[in-house]
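The values are calculated or read from the model by the stated rules, or taken from the named source; none is laboratory data. The structure presented is a predicted model; accordingly, all values stated were derived computationally and were not measured. When we count neighbours, we look across all protein chains shown, and the Cβ atoms used for this are built from the backbone with ideal geometry, even at glycine. For the accessible areas, the whole protein counts, side chains as well, though only heavy atoms, and no ligand, DNA or RNA atoms are used. Shrake-Rupley method; radii C 1.70, N 1.55, O 1.52, S 1.80 Å.
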Amino acid sequence: FTQGGCLFTANDDKQMNSHHEWLATAKDFELDTRIIQKEELEQQIGSSASRWLGAMYTASDARAEPHKATPAIARAASREGAIILTACAVRGIESAAGNVSSVVTEHGTIETTTVLCAAGAWTSYFCRSLGIQVPQLRVRGTVVRTAPAAEIMAGNLFDDKIGIRRRQDGGYTVAHGSSLDHGLTPATFRFAFKFLPALMQEIKILRLSIGGDFFHELALPKRWALDAETEFERVRVLNPDPNPRVLKGIRKNLDEVFPQLANVPLVESWAGMVETSPDVVPMIGEVGDVSGFYIATGFSGHGFGMGPGAGKALAAMLTGVDNSIDLEPFRLSRFYDGSPIRPMSTI
Ligand SMILES: Cc1cc2nc3c(=O)[nH]c(=O)nc-3n(C[C@H](O)[C@H](O)[C@H](O)COP(=O)(O)OP(=O)(O)OC[C@H]3O[C@@H](n4cnc5c(N)ncnc54)[C@H](O)[C@@H]3O)c2cc1C
(Lines give C-alpha, C1' and ligand atoms only; values in the text may rest on other atoms or scores of the structure.)
Protein backbone atom coordinates (compact mmCIF):
# COMPACT_ATOMS: atom_id res chain seq x y z
CA PHE A 1 0.00 0.00 0.00
CA THR A 2 1.80 3.11 -1.25
CA GLN A 3 0.46 6.62 -0.87
CA GLY A 4 1.78 8.10 -4.11
CA GLY A 5 -1.12 10.45 -4.84
CA CYS A 6 -3.59 10.50 -7.70
CA LEU A 7 -3.85 13.05 -10.52
CA PHE A 8 -6.90 13.68 -12.70
CA THR A 9 -5.57 15.97 -15.41
CA ALA A 10 -7.50 18.72 -17.20
CA ASN A 11 -7.16 19.41 -20.93
CA ASP A 12 -9.39 22.46 -20.98
CA ASP A 13 -11.47 24.84 -18.88
CA LYS A 14 -14.48 22.52 -19.02
CA GLN A 15 -12.54 19.69 -17.38
CA MET A 16 -10.94 22.09 -14.92
CA ASN A 17 -14.39 23.39 -13.91
CA SER A 18 -15.68 19.87 -13.44
CA HIS A 19 -12.68 19.12 -11.18
CA HIS A 20 -13.46 22.29 -9.20
CA GLU A 21 -17.01 21.02 -8.72
CA TRP A 22 -15.64 17.75 -7.32
CA LEU A 23 -13.75 19.62 -4.61
CA ALA A 24 -16.97 20.14 -2.66
CA THR A 25 -17.60 16.38 -2.60
CA ALA A 26 -14.00 15.68 -1.63
CA LYS A 27 -14.32 18.19 1.22
CA ASP A 28 -17.46 16.44 2.50
CA PHE A 29 -15.36 13.29 2.87
CA GLU A 30 -12.45 15.18 4.48
CA LEU A 31 -10.06 14.38 1.62
CA ASP A 32 -6.97 16.46 0.90
CA THR A 33 -8.00 16.93 -2.75
CA ARG A 34 -6.96 20.19 -4.39
CA ILE A 35 -6.46 21.73 -7.82
CA ILE A 36 -2.88 22.14 -8.98
CA GLN A 37 -1.71 24.26 -11.89
CA LYS A 38 0.63 23.31 -14.72
CA GLU A 39 3.78 24.41 -12.83
CA GLU A 40 3.14 22.11 -9.88
CA LEU A 41 2.11 19.31 -12.21
CA GLU A 42 5.45 19.72 -13.95
CA GLN A 43 7.27 19.19 -10.65
CA GLN A 44 5.49 15.85 -10.34
CA ILE A 45 5.62 14.44 -13.86
CA GLY A 46 8.13 16.55 -15.75
CA SER A 47 7.73 17.93 -19.27
CA SER A 48 4.62 15.84 -20.09
CA ALA A 49 2.72 18.32 -17.92
CA SER A 50 2.86 20.87 -20.73
CA ARG A 51 -0.10 19.22 -22.49
CA TRP A 52 -2.50 19.95 -19.61
CA LEU A 53 -3.84 23.06 -17.85
CA GLY A 54 -3.43 21.42 -14.46
CA ALA A 55 -4.99 18.63 -12.47
CA MET A 56 -7.12 17.60 -9.53
CA TYR A 57 -4.69 16.08 -7.05
CA THR A 58 -5.25 13.94 -3.96
CA ALA A 59 -1.90 13.39 -2.25
CA SER A 60 -3.29 10.80 0.20
CA ASP A 61 -4.60 8.54 -2.59
CA ALA A 62 -2.79 5.25 -2.72
CA ARG A 63 -2.18 2.17 -4.80
CA ALA A 64 -1.59 -1.50 -4.04
CA GLU A 65 -0.84 -4.58 -6.13
CA PRO A 66 -4.13 -6.52 -6.47
CA HIS A 67 -2.35 -9.89 -6.80
CA LYS A 68 -0.67 -9.26 -3.44
CA ALA A 69 -3.40 -7.34 -1.61
CA THR A 70 -6.26 -9.78 -2.17
CA PRO A 71 -4.45 -12.91 -0.88
CA ALA A 72 -3.09 -10.83 2.02
CA ILE A 73 -6.64 -9.80 2.97
CA ALA A 74 -7.76 -13.44 2.66
CA ARG A 75 -4.92 -14.59 4.95
CA ALA A 76 -5.85 -11.92 7.48
CA ALA A 77 -9.50 -13.07 7.38
CA SER A 78 -8.39 -16.69 7.92
CA ARG A 79 -6.38 -15.64 10.94
CA GLU A 80 -9.60 -14.13 12.33
CA GLY A 81 -11.42 -17.45 11.84
CA ALA A 82 -12.92 -17.11 8.35
CA ILE A 83 -13.05 -20.34 6.33
CA ILE A 84 -12.32 -19.73 2.66
CA LEU A 85 -13.25 -22.37 0.07
CA THR A 86 -11.74 -21.91 -3.37
CA ALA A 87 -12.63 -23.68 -6.63
CA CYS A 88 -16.05 -24.30 -5.15
CA ALA A 89 -18.93 -22.87 -7.18
CA VAL A 90 -22.16 -21.94 -5.47
CA ARG A 91 -25.06 -23.35 -7.48
CA GLY A 92 -27.90 -21.84 -5.52
CA ILE A 93 -29.55 -21.35 -2.17
CA GLU A 94 -32.34 -23.20 -0.40
CA SER A 95 -34.94 -21.77 1.95
CA ALA A 96 -37.32 -22.98 4.63
CA ALA A 97 -40.24 -21.07 6.16
CA GLY A 98 -39.33 -17.90 4.26
CA ASN A 99 -35.72 -17.85 5.43
CA VAL A 100 -32.47 -18.93 3.82
CA SER A 101 -31.59 -22.40 5.08
CA SER A 102 -28.54 -23.42 3.04
CA VAL A 103 -26.10 -22.75 0.23
CA VAL A 104 -25.70 -25.52 -2.33
CA THR A 105 -22.20 -25.78 -3.77
CA GLU A 106 -20.67 -28.14 -6.29
CA HIS A 107 -19.02 -29.95 -3.36
CA GLY A 108 -21.98 -30.13 -1.03
CA THR A 109 -24.48 -28.18 1.03
CA ILE A 110 -23.66 -25.69 3.78
CA GLU A 111 -26.40 -24.94 6.28
CA THR A 112 -26.78 -21.27 7.11
CA THR A 113 -29.45 -18.65 7.74
CA THR A 114 -27.50 -15.79 6.13
CA VAL A 115 -26.02 -15.54 2.64
CA LEU A 116 -24.19 -12.61 1.06
CA CYS A 117 -23.97 -12.84 -2.72
CA ALA A 118 -20.89 -10.80 -3.70
CA ALA A 119 -20.41 -12.57 -7.00
CA GLY A 120 -19.13 -9.60 -9.01
CA ALA A 121 -20.25 -9.74 -12.64
CA TRP A 122 -22.22 -12.94 -11.92
CA THR A 123 -24.51 -11.44 -9.31
CA SER A 124 -27.32 -10.42 -11.65
CA TYR A 125 -27.43 -13.83 -13.34
CA PHE A 126 -27.35 -15.67 -9.99
CA CYS A 127 -30.09 -13.48 -8.51
CA ARG A 128 -32.30 -13.81 -11.57
CA SER A 129 -32.59 -17.53 -10.87
CA LEU A 130 -34.10 -16.53 -7.50
CA GLY A 131 -36.57 -14.13 -9.12
CA ILE A 132 -34.57 -11.02 -8.11
CA GLN A 133 -33.81 -8.42 -10.79
CA VAL A 134 -30.40 -6.82 -10.23
CA PRO A 135 -29.72 -4.21 -12.95
CA GLN A 136 -26.10 -4.88 -13.78
CA LEU A 137 -24.16 -4.83 -17.05
CA ARG A 138 -20.66 -5.93 -17.97
CA VAL A 139 -18.09 -3.67 -19.60
CA ARG A 140 -14.75 -5.06 -20.75
CA GLY A 141 -11.62 -3.15 -19.72
CA THR A 142 -8.24 -3.91 -21.33
CA VAL A 143 -5.01 -3.31 -19.43
CA VAL A 144 -1.25 -3.70 -20.01
CA ARG A 145 1.88 -3.90 -17.92
CA THR A 146 5.19 -2.44 -19.04
CA ALA A 147 8.65 -3.77 -18.30
CA PRO A 148 10.47 -1.95 -15.46
CA ALA A 149 11.35 1.59 -16.52
CA ALA A 150 12.59 4.91 -15.21
CA GLU A 151 10.33 6.58 -12.65
CA ILE A 152 8.33 9.28 -14.42
CA MET A 153 5.94 9.79 -11.52
CA ALA A 154 5.38 8.34 -8.08
CA GLY A 155 1.61 7.91 -8.12
CA ASN A 156 -1.36 7.42 -10.42
CA LEU A 157 -2.58 9.59 -13.28
CA PHE A 158 -5.84 9.53 -15.17
CA ASP A 159 -6.46 11.34 -18.44
CA ASP A 160 -8.66 10.99 -21.56
CA LYS A 161 -5.80 9.15 -23.22
CA ILE A 162 -4.41 6.90 -20.49
CA GLY A 163 -4.82 5.73 -16.93
CA ILE A 164 -1.37 4.88 -15.55
CA ARG A 165 0.14 3.88 -12.24
CA ARG A 166 3.58 2.97 -11.03
CA ARG A 167 3.97 -0.72 -10.07
CA GLN A 168 5.96 -2.22 -7.23
CA ASP A 169 8.07 -4.15 -9.79
CA GLY A 170 9.23 -0.87 -11.35
CA GLY A 171 6.94 -1.04 -14.39
CA TYR A 172 3.63 0.67 -15.06
CA THR A 173 0.09 -0.62 -15.34
CA VAL A 174 -1.59 1.26 -18.18
CA ALA A 175 -5.17 1.40 -19.45
CA HIS A 176 -6.84 3.38 -22.21
CA GLY A 177 -8.32 6.59 -20.83
CA SER A 178 -11.38 6.59 -23.04
CA SER A 179 -12.24 3.15 -24.36
CA LEU A 180 -14.49 0.52 -22.80
CA ASP A 181 -16.22 -2.33 -24.64
CA HIS A 182 -19.76 -3.44 -24.07
CA GLY A 183 -20.99 -6.43 -26.01
CA LEU A 184 -24.77 -6.04 -26.15
CA THR A 185 -26.63 -8.89 -24.45
CA PRO A 186 -30.28 -9.58 -23.63
CA ALA A 187 -29.57 -7.94 -20.23
CA THR A 188 -28.64 -4.69 -22.03
CA PHE A 189 -32.14 -4.55 -23.47
CA ARG A 190 -33.82 -5.72 -20.26
CA PHE A 191 -32.17 -2.93 -18.26
CA ALA A 192 -31.81 -0.39 -21.10
CA PHE A 193 -34.12 2.21 -19.62
CA LYS A 194 -32.34 2.25 -16.25
CA PHE A 195 -28.90 2.46 -17.88
CA LEU A 196 -29.81 5.25 -20.29
CA PRO A 197 -28.30 8.08 -18.14
CA ALA A 198 -25.02 6.13 -17.70
CA LEU A 199 -24.97 5.33 -21.42
CA MET A 200 -25.39 9.01 -22.31
CA GLN A 201 -22.59 9.94 -19.90
CA GLU A 202 -20.17 7.37 -21.32
CA ILE A 203 -21.34 7.52 -24.94
CA LYS A 204 -17.99 8.87 -26.19
CA ILE A 205 -15.90 6.11 -24.65
CA LEU A 206 -18.20 3.07 -24.89
CA ARG A 207 -17.71 0.83 -27.91
CA LEU A 208 -20.93 -1.12 -28.39
CA SER A 209 -20.95 -4.33 -30.38
CA ILE A 210 -23.22 -7.28 -30.89
CA GLY A 211 -21.90 -10.78 -31.34
CA GLY A 212 -21.07 -13.91 -29.39
CA ASP A 213 -21.88 -12.43 -25.96
CA PHE A 214 -25.47 -11.82 -27.00
CA PHE A 215 -26.14 -15.34 -28.18
CA HIS A 216 -24.20 -16.92 -25.33
CA GLU A 217 -26.33 -15.14 -22.74
CA LEU A 218 -29.51 -15.82 -24.71
CA ALA A 219 -28.79 -19.55 -24.58
CA LEU A 220 -28.11 -19.63 -20.83
CA PRO A 221 -30.74 -21.27 -18.63
CA LYS A 222 -32.64 -18.85 -16.37
CA ARG A 223 -33.04 -21.49 -13.68
CA TRP A 224 -31.11 -24.69 -13.17
CA ALA A 225 -30.97 -27.85 -11.10
CA LEU A 226 -28.70 -27.66 -8.06
CA ASP A 227 -27.49 -31.24 -8.44
CA ALA A 228 -25.84 -30.81 -11.85
CA GLU A 229 -23.01 -28.72 -13.29
CA THR A 230 -23.87 -25.03 -13.68
CA GLU A 231 -22.49 -22.11 -15.70
CA PHE A 232 -20.44 -21.10 -12.63
CA GLU A 233 -18.37 -24.27 -12.96
CA ARG A 234 -18.18 -24.14 -16.76
CA VAL A 235 -16.79 -20.57 -16.67
CA ARG A 236 -14.91 -20.78 -13.40
CA VAL A 237 -12.93 -17.60 -14.00
CA LEU A 238 -14.41 -14.81 -16.11
CA ASN A 239 -11.34 -13.93 -18.12
CA PRO A 240 -12.13 -12.17 -21.42
CA ASP A 241 -9.46 -11.59 -24.04
CA PRO A 242 -7.90 -8.13 -24.22
CA ASN A 243 -9.17 -6.05 -27.13
CA PRO A 244 -6.31 -5.82 -29.73
CA ARG A 245 -7.55 -2.46 -30.99
CA VAL A 246 -7.46 -1.04 -27.45
CA LEU A 247 -3.97 -2.49 -26.95
CA LYS A 248 -2.77 -0.55 -30.00
CA GLY A 249 -4.45 2.58 -28.66
CA ILE A 250 -2.75 2.19 -25.27
CA ARG A 251 0.69 1.90 -26.93
CA LYS A 252 0.04 4.95 -29.12
CA ASN A 253 -1.33 7.09 -26.30
CA LEU A 254 1.40 6.09 -23.85
CA ASP A 255 4.11 7.06 -26.34
CA GLU A 256 2.37 10.35 -27.05
CA VAL A 257 1.75 11.34 -23.42
CA PHE A 258 4.99 10.00 -21.93
CA PRO A 259 7.62 9.87 -24.72
CA GLN A 260 10.14 8.78 -22.05
CA LEU A 261 8.38 5.38 -22.08
CA ALA A 262 8.21 5.04 -25.87
CA ASN A 263 10.78 2.24 -26.04
CA VAL A 264 9.63 0.39 -22.96
CA PRO A 265 8.08 -2.95 -23.98
CA LEU A 266 4.54 -3.91 -23.00
CA VAL A 267 5.20 -7.31 -21.45
CA GLU A 268 1.71 -8.46 -20.49
CA SER A 269 -1.90 -7.62 -21.29
CA TRP A 270 -5.18 -8.75 -19.83
CA ALA A 271 -8.85 -7.80 -19.64
CA GLY A 272 -11.61 -7.99 -17.10
CA MET A 273 -15.32 -7.39 -16.86
CA VAL A 274 -16.22 -4.26 -14.96
CA GLU A 275 -19.73 -4.80 -13.61
CA THR A 276 -21.70 -1.66 -13.19
CA SER A 277 -25.02 -0.46 -11.87
CA PRO A 278 -27.19 2.22 -13.53
CA ASP A 279 -25.89 5.00 -11.25
CA VAL A 280 -22.37 3.52 -10.99
CA VAL A 281 -22.85 3.10 -7.24
CA PRO A 282 -22.84 -0.33 -5.53
CA MET A 283 -26.02 -2.19 -4.64
CA ILE A 284 -25.90 -3.46 -1.06
CA GLY A 285 -28.50 -4.92 1.26
CA GLU A 286 -31.06 -7.65 1.85
CA VAL A 287 -33.03 -8.48 -1.31
CA GLY A 288 -35.88 -10.69 -2.45
CA ASP A 289 -38.69 -12.37 -0.55
CA VAL A 290 -36.55 -14.86 1.34
CA SER A 291 -35.08 -13.25 4.44
CA GLY A 292 -31.38 -13.69 5.09
CA PHE A 293 -30.30 -13.20 1.45
CA TYR A 294 -28.09 -10.16 0.82
CA ILE A 295 -26.16 -8.76 -2.14
CA ALA A 296 -23.08 -6.53 -2.44
CA THR A 297 -22.29 -5.79 -6.05
CA GLY A 298 -21.97 -3.10 -8.73
CA PHE A 299 -18.61 -1.77 -7.53
CA SER A 300 -17.87 -0.81 -11.12
CA GLY A 301 -14.27 0.23 -11.85
CA HIS A 302 -13.75 1.22 -8.22
CA GLY A 303 -14.19 -1.95 -6.16
CA PHE A 304 -10.52 -2.59 -5.46
CA GLY A 305 -10.25 0.75 -3.69
CA MET A 306 -13.64 0.49 -1.99
CA GLY A 307 -13.38 -3.23 -1.16
CA PRO A 308 -11.83 -3.07 2.31
CA GLY A 309 -14.20 -0.32 3.47
CA ALA A 310 -17.18 -2.04 1.91
CA GLY A 311 -16.17 -5.33 3.53
CA LYS A 312 -16.11 -3.67 6.94
CA ALA A 313 -19.56 -2.17 6.38
CA LEU A 314 -20.90 -5.53 5.12
CA ALA A 315 -19.56 -7.42 8.12
CA ALA A 316 -21.31 -4.90 10.36
CA MET A 317 -24.54 -5.22 8.36
CA LEU A 318 -24.53 -9.02 8.64
CA THR A 319 -23.49 -9.31 12.28
CA GLY A 320 -25.20 -6.20 13.61
CA VAL A 321 -21.97 -5.33 15.43
CA ASP A 322 -20.68 -1.76 15.05
CA ASN A 323 -23.05 -1.03 12.17
CA SER A 324 -22.77 2.74 12.26
CA ILE A 325 -22.39 2.99 8.46
CA ASP A 326 -25.76 3.73 6.89
CA LEU A 327 -26.14 1.41 3.88
CA GLU A 328 -29.68 2.52 3.05
CA PRO A 329 -28.54 4.73 0.10
CA PHE A 330 -27.11 1.58 -1.52
CA ARG A 331 -30.40 -0.36 -1.42
CA LEU A 332 -31.32 -2.22 -4.63
CA SER A 333 -34.87 -0.86 -4.45
CA ARG A 334 -33.68 2.65 -5.41
CA PHE A 335 -33.90 1.43 -9.01
CA TYR A 336 -37.52 0.39 -8.57
CA ASP A 337 -39.07 2.96 -6.20
CA GLY A 338 -39.07 5.93 -8.57
CA SER A 339 -35.85 7.48 -7.23
CA PRO A 340 -34.09 9.46 -9.97
CA ILE A 341 -31.22 7.53 -11.55
CA ARG A 342 -28.16 9.78 -11.84
CA PRO A 343 -24.69 8.36 -12.51
CA MET A 344 -22.52 9.50 -9.58
CA SER A 345 -19.20 8.62 -11.17
CA THR A 346 -17.62 7.32 -14.35
CA ILE A 347 -17.58 3.55 -14.95
C1 LIG B 1 -9.85 -3.96 -16.15
C2 LIG B 1 -10.29 -3.54 -14.78
C3 LIG B 1 -9.63 -2.52 -14.12
C4 LIG B 1 -10.03 -2.13 -12.84
N5 LIG B 1 -9.35 -1.13 -12.21
C6 LIG B 1 -9.70 -0.77 -10.96
C7 LIG B 1 -9.00 0.25 -10.27
O8 LIG B 1 -8.05 0.83 -10.79
N9 LIG B 1 -9.41 0.58 -9.02
C10 LIG B 1 -10.45 -0.03 -8.41
O11 LIG B 1 -10.76 0.30 -7.27
N12 LIG B 1 -11.14 -1.01 -9.04
C13 LIG B 1 -10.80 -1.39 -10.30
N14 LIG B 1 -11.50 -2.35 -10.96
C15 LIG B 1 -12.74 -2.87 -10.35
C16 LIG B 1 -12.51 -3.96 -9.33
O17 LIG B 1 -11.65 -4.95 -9.85
C18 LIG B 1 -13.88 -4.56 -8.97
O19 LIG B 1 -14.76 -3.52 -8.62
C20 LIG B 1 -13.76 -5.51 -7.82
O21 LIG B 1 -12.93 -6.59 -8.14
C22 LIG B 1 -15.15 -6.05 -7.45
O23 LIG B 1 -14.99 -6.87 -6.35
P24 LIG B 1 -16.11 -7.91 -5.99
O25 LIG B 1 -15.58 -8.69 -4.82
O26 LIG B 1 -17.43 -7.25 -5.88
O27 LIG B 1 -16.22 -8.87 -7.27
P28 LIG B 1 -15.11 -9.82 -7.89
O29 LIG B 1 -13.75 -9.30 -7.65
O30 LIG B 1 -15.54 -10.07 -9.30
O31 LIG B 1 -15.27 -11.15 -7.06
C32 LIG B 1 -16.41 -11.95 -7.17
C33 LIG B 1 -15.95 -13.38 -7.02
O34 LIG B 1 -17.09 -14.23 -6.92
C35 LIG B 1 -16.82 -15.40 -7.66
N36 LIG B 1 -18.10 -16.02 -8.02
C37 LIG B 1 -19.06 -15.54 -8.85
N38 LIG B 1 -20.10 -16.39 -8.90
C39 LIG B 1 -19.79 -17.43 -8.09
C40 LIG B 1 -20.46 -18.63 -7.73
N41 LIG B 1 -21.68 -18.92 -8.21
N42 LIG B 1 -19.84 -19.48 -6.87
C43 LIG B 1 -18.61 -19.18 -6.36
N44 LIG B 1 -17.93 -18.05 -6.66
C45 LIG B 1 -18.52 -17.20 -7.51
C46 LIG B 1 -16.05 -14.93 -8.87
O47 LIG B 1 -15.35 -15.98 -9.46
C48 LIG B 1 -15.14 -13.89 -8.22
O49 LIG B 1 -13.95 -14.48 -7.76
C50 LIG B 1 -11.12 -2.77 -12.23
C51 LIG B 1 -11.79 -3.81 -12.89
C52 LIG B 1 -11.38 -4.20 -14.15
C53 LIG B 1 -12.11 -5.32 -14.84
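A few remarks follow.
- A 1.4 Å probe run over the protein chains yields, for segment 1-62, 61 Å² of accessible area per residue, whole-number rounding.
- The chain - percent of accessible surface contributed by carbon and sulfur, probe 1.4 Å: 56
- Modelled label reach - ARG190, point 7 Å along Cα→Cβ, segment 216-231 residues with backbone N closer than 20 Å: 216-226, 230-231
- Mean separation of Cα pairs under 8 Å and 6 or more residues apart, divided by the residue count, gives segment 245-347 a relative contact order of 28 percent.
- Note that segment 59-73 has calculated 3J(HN,Hα) couplings of 5, 7, 4, 9, 9, 8, 8, x, 6, 9, 5, 5, x, 5, 5 Hz, one per residue in order, obtained from phi through the Karplus relation 6.51 cos²θ - 1.76 cosθ + 1.60 (θ = phi - 60°); glycine and proline are x.
- Separation between Cα centres of segment 83-116 and segment 152-211, rounded to whole Å: 34
- Spin-label model distance (nm) - ALA59 vs ASN99, 7 Å beyond Cα toward Cβ: 5.3
- Computed with the Debye formula from one identical point scatterer per Cα of the chain, without solvent, the log10 of I(q)/I(0) at q = 0.07, 0.14 Å⁻¹ comes to -0.33, -1.33.
- Note on segment 1-153: with charges restricted to the Cβ of Lys and Arg (+1) and Asp and Glu (-1), its dipole about the Cα centre is near 540 debye.
- Coil-residue trypsin sites (Lys or Arg not before Pro) of segment 202-248, DSSP, other Cβ within 10 Å capped at 14: LYS204, LYS222, ARG223, ARG236
- Cut-off 17 Å (backbone N to label point 7 Å along Cα→Cβ of PHE1), residues of segment 51-89: 59-80
- DSSP loop chymotrypsin sites (Phe, Trp or Tyr not before Pro) with at most 15 other Cβ within 10 Å: longest gap in the chain: 30-223
- Filtered GluC sites (Glu not before Pro), segment 1-75: DSSP coil and at most 10 other beta carbons within 10 Å: GLU30
- Theoretical gain in end-to-end length, ALA154 to ASN17 [0.36 nm per residue, Cα-Cα removed]: 46.8 nm
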